[in-house]
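What follows is a short report on a single structure.
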Amino acid sequence: MPKMTLYHCPRTRGFHALWMLEEIGEPFDLRIVNVRDDIQSEAYGAVNPMRKVPALEVEGELITESPAICTWLADRFSDKGLAPAIDAPGRGSYLRWLFFAGSVIEPAFMDKAMSRDTPRQTAGWGDLASVKATLAQGLEGRDYLVGDHFTAADLMIGSTLNFMMMFNLLERIEPFSSYVARLTERPAYKRAFEREAALAG
Ligand SMILES: N[C@@H](CCC(=O)N[C@@H](CS)C(=O)NCC(=O)O)C(=O)O
């Protein structure tokens, strides 16, 4: 097994990676980096020059950006069944939703959080109304975004939507509330949540 170290701070986007590692269920070291101070240290700058969490170090190789961490873990531990195989039906949709989480959902909600009105033709993410409508269409009549079971794409999107609901950036409306409730019932989510709660004190 590769030696994996997750750099994380409770109650941040690092949770996406923590939850994913709980889904994978393989051993990893957890290093807490406080976003208020540790993150600016020279030592952490040497780990991740972006000075952000999460960061996953695997045998000396750095993986950052939550969707990339989730994609890597799902492929590396393919026996866990969290990603369609490269040549399987659904692989394209799976990648579409993983990228959608980081490059479309995130910035669209940040526009809202910052009260920014980026013109939709300029913004690569379009606008929040289109993002929500596209997600709702993707979830219409289904429990999961790809095929009939949970994948890393659901983790990334579900975890992001859960954050947006917690910060009151997304209304608790259907189909999002049932989707988030379904995903947060997973034992791995609960383990990650409890682990984080114990760390945060
Ligand atoms: N693109 C990154 C974003 C990571 C990120 O923004 N992390 C925040 C915590 S929610 C952080 O480390 N903030 C500390 C800082 O910028 O000082 C990802 O998807 O993982």
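The values are calculated or read from the model by the stated rules, or taken from the named source; none is laboratory data. Given the structure is predicted, the values throughout are model-derived calculations rather than measurements. Methodologically, a virtual Cβ is constructed for each residue, glycine included, from the backbone with ideal geometry; neighbour enumeration extends over all protein chains shown. When the accessible area is computed, the model is the full protein with side chains, heavy atoms only, and any ligands, DNA or RNA have been set aside. Shrake-Rupley method; radii C 1.70, N 1.55, O 1.52, S 1.80 Å.
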List pairs: first residue in the range 159-170 and in a helix (DSSP H, G or I), second residue open to solvent by less than 10 Å² (accessible area, probe 1.4 Å) and small (Gly, Ala, Ser) anywhere in the structure, Cβ distance under 7 angstrom, at least six positions apart or on different chains. Thr160/Ala101
With respect to the numbered conditions (1) open to solvent by 90 Å² or more (accessible area, probe 1.4 Å); (2) part of a loop (DSSP other than H, G, I, E, B), which one is the sole condition not fulfilled by Pro119? (1)
Kindly list, by first and then second residue, each pair from a residue in the range 34-63 that is within 12 Å of the ligand (Cβ to nearest atom) to a residue that is open to solvent by 70 Å² or more (accessible area, probe 1.4 Å), limited to pairs with Cβ atoms under 6 Å and residues at least 6 apart or on different chains. Ile39/Arg51; Gly45/Arg51; Ile63/Trp72
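Residue by residue through the range 7-34, note down the ones that are among the hydrophobic types (A, V, I, L, M, F, W, C) and either surrounded by fewer than 19 Cβ atoms within 10 Å (Cβ to Cβ) or not assigned by TED's automatic domain parsing to the domain that holds Leu73 (or both).
Matches in the range 7-34: Leu30, Ile32.
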Give the number of residues within the range 171-198 that are of a type outside the set (Lys, Arg) and outside any helix (DSSP H, G or I). 5
Inside the range 1-11, the number of residues satisfying the requirement of being within 12 Å of the ligand (Cβ to nearest atom) and part of a loop (DSSP other than H, G, I, E, B) is 3
